[in-house]
Amino acid sequence: LEAISQSVEQLKLPVVPWFPQQLSDLDGIENLTIQTESEAQKLELLYFKDKNYQKRRKLIGLAASQYKINDKSLPIIEYTDNDNYVWDYCFTRLSKLYKNIACEEFNWAIDQFKKQFSNFEQKVPQLNDVSIYLQSQTGWRLKPVAGMLSKREFLNGLAFKVFHCVQYVRHHSVPLYAYEPDIIHDLLGHGPMFAIQDFSDFSQQLGIASLGVSDEELEKLAAIYMYTIEFGMCREKGQLKAYGAGLMGSVNELEYCVSDKPQHLPFNPYVICRDHMNYPLNAIQPLYFVVDSFSDVTKLISDYCNQINRPFNATYNSKQQRIFLDKEV
Ligand code: HBI
Ligand code: FE
């Protein structure tokens, strides 16, 4: 076996990492929480001692890992009063800031959510309802997941207009900051923007570009993801606004991002890949990239994705919900 692997190496064939080509392939990706040791330690201090909370997290995670993408309904979770309290507390504080700091599109989408889902402000919404609504708007759907996915798996999902979403609520001792994605980040922060056509288009483009790329290219796409979908900002009538989910889910960072403390640069994927690959993951960002419109982002991202070095071309067929390649890999 060693001899074979050595000769394969000598051939220097580009090894294409596995990637999903049809929707049901997403059921095969690993549903594992990825955490560094120091992150796990922080979480341990926060809530690992709360046995009840831990038990609920396990149950909610189990439902997610048993779900298959062609099941009729996403898992329905019975949220506790405590969960609803945390959601309500965060939503109340955040929505006051959205009015002036979130971009027009986000505010429009949040208004739609309020109309569509009963008691959206007071009660944790069901992923199932939000997923059905998004599908009717832009064709996007939500897939429940037990925890943090690898960058590759997470970005690959976007190719199929699938956004992986956790279903648990952060612990009540940390309402204003989550060290890992929770439903407030995923559903309130990310969810609304997938009702916006341009935004969902460039998200899918990043996803398609991520299929089967080298680890090096994948890191670059993840950085572009961070500076747009996660921490993106835009300008409206000369004023700075936010559209990234990392900002929408954080009271502190939302106020800070439009202040003059951080640096603001015009969005440019090549500059990100050259100079800004080391962004903080668990801290407030020192720098944001700003766009003039979502159609500009779509153009810039599409230009970037077209020059990625990959031994094949991939396209998505929305009718068959399949990826087609221009040659076999
Ligand atoms: N996994 N469940 C989950 N939720 C995310 O928001 C998420 C993820 N894995 C990676 C990731 N986000 C991004 O930060 C990028 O690294 C792609
Ligand atoms: Fe996120």
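The values are calculated or read from the model by the stated rules, or taken from the named source; none is laboratory data. Everything quoted here is computed from the prediction, not taken from an experiment. Cβ atoms come from the backbone with ideal geometry, glycine included; neighbour counts cover every protein chain shown. Accessible surface is based on the protein model in full, side chains and every heavy atom, while ligands, DNA and RNA are left aside. Shrake-Rupley method; radii C 1.70, N 1.55, O 1.52, S 1.80 Å.
Conditions tested, residue by residue: (1) more than 16 Å from ligand 1 (Cβ to nearest atom); (2) surrounded by 14 or more Cβ atoms within 10 Å (Cβ to Cβ); (3) under 22 Å from Ala209 (Cα atoms); (4) of a type in the set (D, E, K, R).
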{"site": "Gly232", "(1), (2), (3), (4)": "no, yes, yes, no"}
{"site": "Lys241", "(1), (2), (3), (4)": "yes, yes, no, yes"}
{"site": "Ala245", "(1), (2), (3), (4)": "no, yes, yes, no"}
{"site": "Val258", "(1), (2), (3), (4)": "yes, yes, no, no"}
{"site": "Asn268", "(1), (2), (3), (4)": "yes, yes, yes, no"}
{"site": "Cys273", "(1), (2), (3), (4)": "no, yes, yes, no"}
{"site": "Leu281", "(1), (2), (3), (4)": "no, no, no, no"}
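If the condition is being within 16 Å of Leu187 (Cβ to Cβ) and of a type in the set (Phe, Trp, Tyr), then segment 71-113 contributes Tyr79, Trp87, Tyr89, Phe91, Tyr98, Phe106, Phe113. Within segment 299-307, is even one residue of a type in the set (Lys, Arg), more than 18 Å from Gln204 (Cβ to Cβ), without any contact (Cβ under 8 Å) to a residue 12 or more places away in the chain and not in a strand (DSSP E or B)? No. For segment 208-219, filtered to residues that are of a type in the set (Gly, Ala, Ser) and within 15 Å of ligand 1 (Cβ to nearest atom), the residue that is farthest from Asn313 (Cα to Cα) is Ser210.
Taken over segment 86-106, residues that are open to solvent by 20 Å² or more (accessible area, probe 1.4 Å) and in contact with a Pro (Cβ under 9 Å, 6 or more places away or on another chain) amount to 3.
Among residues of segment 135-153 being under 20 Å from Arg322 (Cβ atoms), assigned to a helix (DSSP H, G or I) and not acidic (Asp, Glu), the one that is modelled with the lowest pLDDT is Arg152. Restricted to helices (runs of 4 or more DSSP H) entirely inside segment 234-282, those with at least 1 residues that are out of contact with any Gly (no Cβ under 9 Å at 6 or more places or on another chain) are 251-257, 269-275.
Going through Ala178, Ala222 one at a time, which residue ends up being assigned to a helix (DSSP H, G or I), within 11 Å of ligand 1 (Cβ to nearest atom) and not hydroxyl-bearing (Ser, Thr, Tyr)?
Exactly one of Ala178, Ala222 is assigned to a helix (DSSP H, G or I), within 11 Å of ligand 1 (Cβ to nearest atom) and not hydroxyl-bearing (Ser, Thr, Tyr), namely Ala222.
Of all residues in segment 216-237, those being away from ligand 2 (no atom under 13 Å from the Cβ) and in contact (Cβ under 8 Å) with a residue 12 or more places away in the chain number 11.
The lone criterion from (1) at pLDDT below 95; (2) open to solvent by less than 60 Å² (accessible area, probe 1.4 Å); (3) closer than 24 Å to Met248 by Cβ left unmet by Arg310 is number (3). Annotation: of all residues in segment 130-167 being away from ligand 1 (no atom under 14 Å from the Cβ) and over 21 Å from Lys115 (Cα atoms), the one that is farthest from the chain's Cα centre (by Cα) is Phe160. Taking the listed residues Gly139, Gly191, the one that is on the phi > 0 side of the Ramachandran plot, touching a residue at least 12 places away in the same chain (Cβ under 8 Å) and either buried (at least 18 other Cβ atoms within 10 Å of the Cβ) or touching a helix residue (DSSP H, G or I) at 6+ places or on another chain (Cβ under 9 Å) (or both) is Gly139, with no other qualifying.
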